[in-house]
Amino acid sequence: MKKAFITGITGQDGAYLAKLLLDKGYEVHGGVRRISQPELPRLEQLGVAGDVHLHEFDLTEMNNVFRVIRDVEMDEFYNLAAQSFVGASWDLPIYTADVDGMAVVRILDTLRSVRPETRFYQASTSEMFGLVQEVPQKETTRLYPRSPYGVAKVYGHYITMNYRESFGMHASSGILFNHESPLRGKEFVTRKITLGLAKLAHGGSDPIELGNMDAQRDWGFAGDYVEGMWRMLQQPQADDYVLATNVTTSIRDFFTYAAEAVGMDLAWEGEGEAETATDRKTGRQVMKVNPKFYRPAEVELLIGDASKAREKLGWEPRVQIRELAAMMAKSDYDALR
Ligand code: NAP
Ligand code: GDD
């Protein structure tokens, strides 16, 4: 039985990956931060909370990282933990640099000393492309991060490549474009929209307040993307791979698809800060722009080319954008019923 360790097992991707690995017969271990209310809602929602082995773990604590790697004796190490909210990274730039950047070398250097044969996955991100230098973006596209989060992730990405090239470690980076699910954190725009729509559809009256409606993202389903992570670690050689759908959608269009799934028919009016959306069926305003959600520097367009993952890993995204929006909107609508 193979043994895997997942940092960030309580997060969206951690929960889906834990389920995938358990279904494949792995013994699954995961790192959990000490928190005041110890609950595992995502692992519980997928029905696997009782099947994983949890360890107190914080990426900021060097000796804690060392002891976990020494004691768990994992075959595969998936580093999914991060301060993952781009918006917060301007308020927490130093913490974000530590957890999303420096912590990667804490893990790699410990693995190098203690268990160099362990296969390592780093959660890199399309946010590293930032002000995009090529359309669509692929593994060789020049990086131009636009947030403290993106900058920290660039360090994690390059140090993973560097440990692979310097010490021959099986260390791979997945450059994953945005991926969502009903387990998505509530501050990210897709979930903020589907939760807000569920409240409105059940009689709420507050329009959803959003920032830049013109940003475009290449959104896939998290369940598909964790399969790609696992496939990367099954290859004879470690490498870097983009996972993406090659379809890009504006925030406005995602909002429209999710609203359709809960029975709304939207009329969009105005531009910029004056933009609004109204449900034609009820005449109620459901969206207004609030500039407080604008970012100091924006990533306007992401669209990925996952040809390498398709050819070498046999990986394909299965869920398309309208289906994803409907899945999330219906899940939140049903949960609030
Ligand atoms: P998420 O839901 O925000 O989960 C983040 C996880 O990291 C949580 O389990 C969190 O623990 C843990 N964590 C945060 N700080 C930690 C620390 N100091 N020590 C130990 N654990 C810590 O994120 P996600 O969407 O699953 O994303 C997984 C990874 O992929 C992240 O590295 C993210 O940056 C990256 N990524 C995500 C996407 C995407 O679209 N989802 C795309 C590209 C890359 P708590 O539960 O205690 O907060
Ligand atoms: N969160 C949020 N809230 N975003 C908004 C809002 C709002 O009210 N209004 C507009 N947006 C826009 C943001 O400005 C951004 O352009 C876009 O919606 C997506 O924002 P998020 O959902 O917060 O995701 P992200 O693209 O910044 O980051 C996610 O994807 C990255 C991969 O590209 C996160 O999962 C990162 O961890 C991940 O690396």
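For the range 164-190, how many residues meet the condition of being open to solvent by 20 Å² or more (accessible area, probe 1.4 Å), within 30 Å of residue 45 (Cα to Cα) and more than 10 Å from ligand 2 (Cβ to nearest atom)? Qualifying residue count for the region: 1.
Screening residue 161 on (1) open to solvent by less than 10 Å² (accessible area, probe 1.4 Å); (2) more than 8 Å from ligand 2 (Cβ to nearest atom) shows it passes everything except condition (1). Would a scan of the range 33-49 turn up a residue that is surrounded by fewer than 20 Cβ atoms within 10 Å (Cβ to Cβ) and more than 15 Å from ligand 1 (Cβ to nearest atom)? Looking through the range 33-49, at least one residue is surrounded by fewer than 20 Cβ atoms within 10 Å (Cβ to Cβ) and more than 15 Å from ligand 1 (Cβ to nearest atom).
Any residue at all in the range 271-282 that is assigned to a helix (DSSP H, G or I) and polar (S, T, N, Q)? There is no residue in the range 271-282 that is assigned to a helix (DSSP H, G or I) and polar (S, T, N, Q).
Here are 163, 149, 158, 144: which of them is touching a residue at least 12 places away in the same chain (Cβ under 8 Å), over 17 Å from residue 308 (Cβ atoms), more than 9 Å from ligand 1 (Cβ to nearest atom) and part of a helix (DSSP H, G or I)?
Checking each option against the conditions leaves just 163.
Do we have any residue at all in the range 230-240 that's out of contact with any Leu (no Cβ under 6 Å at 6 or more places or on another chain), farther than 26 Å from residue 263 by Cβ and in a strand (DSSP E or B)? Within the range 230-240, one or more residues are out of contact with any Leu (no Cβ under 6 Å at 6 or more places or on another chain), farther than 26 Å from residue 263 by Cβ and in a strand (DSSP E or B). Filter the range 58-89 down to the residues that are without any contact (Cβ under 8 Å) to a residue 40 or more places away in the chain and either part of a loop (DSSP other than H, G, I, E, B) or buried (at least 17 other Cβ atoms within 10 Å of the Cβ) (or both) and list them by number. Once the filter is applied, which keeps residues that are without any contact (Cβ under 8 Å) to a residue 40 or more places away in the chain and either part of a loop (DSSP other than H, G, I, E, B) or buried (at least 17 other Cβ atoms within 10 Å of the Cβ) (or both), the range 58-89 yields 58, 61. Counting the residues of the range 41-57 that are farther than 21 Å from residue 113 by Cα and in a loop (DSSP other than H, G, I, E, B) gives 4. With respect to the conditions (1) open to solvent by less than 30 Å² (accessible area, probe 1.4 Å); (2) farther than 16 Å from residue 13 by Cα; (3) in contact with an Asp or Glu (Cβ under 9 Å, 6 or more places away or on another chain); (4) not polar (S, T, N, Q), residue 101 falls short on a single one, namely (3). Restricting the first member to the range 295-307 and to residues that are hydrophobic (A, V, I, L, M, F, W, C), and the second to residues that are open to solvent by 40 Å² or more (accessible area, probe 1.4 Å) and not in a loop (DSSP other than H, G, I, E, B), the beta-carbon pairs closer than 8 Å and six or more apart or on different chains are 301/216; 302/216; 303/216.
The selection criterion, being open to solvent by 10 Å² or more (accessible area, probe 1.4 Å) and either of a type in the set (A, V, I, L, M) or within 16 Å of ligand 1 (Cβ to nearest atom) (or both), does not hold for residue 210. Screening the candidates 261, 215 for the property of being within 12 Å of ligand 2 (Cβ to nearest atom) and not charged (D, E, K, R) yields one hit, 215. Considered as a group, the residues in the range 213-230 that are open to solvent by 10 Å² or more (accessible area, probe 1.4 Å) and farther than 21 Å from residue 183 by Cβ include one that is nearest to the chain's Cα centre (by Cα), and that residue is 216.
The values are calculated or read from the model by the stated rules, or taken from the named source; none is laboratory data. Everything numeric here is computed off the predicted structure, so don't read it as measured data. Note that each Cβ is placed from the backbone with ideal geometry, even for glycine, and that neighbours are counted across all protein chains shown. Areas reflect the complete protein model, heavy atoms only, side chains present, ligands, DNA and RNA absent. Shrake-Rupley method; radii C 1.70, N 1.55, O 1.52, S 1.80 Å.
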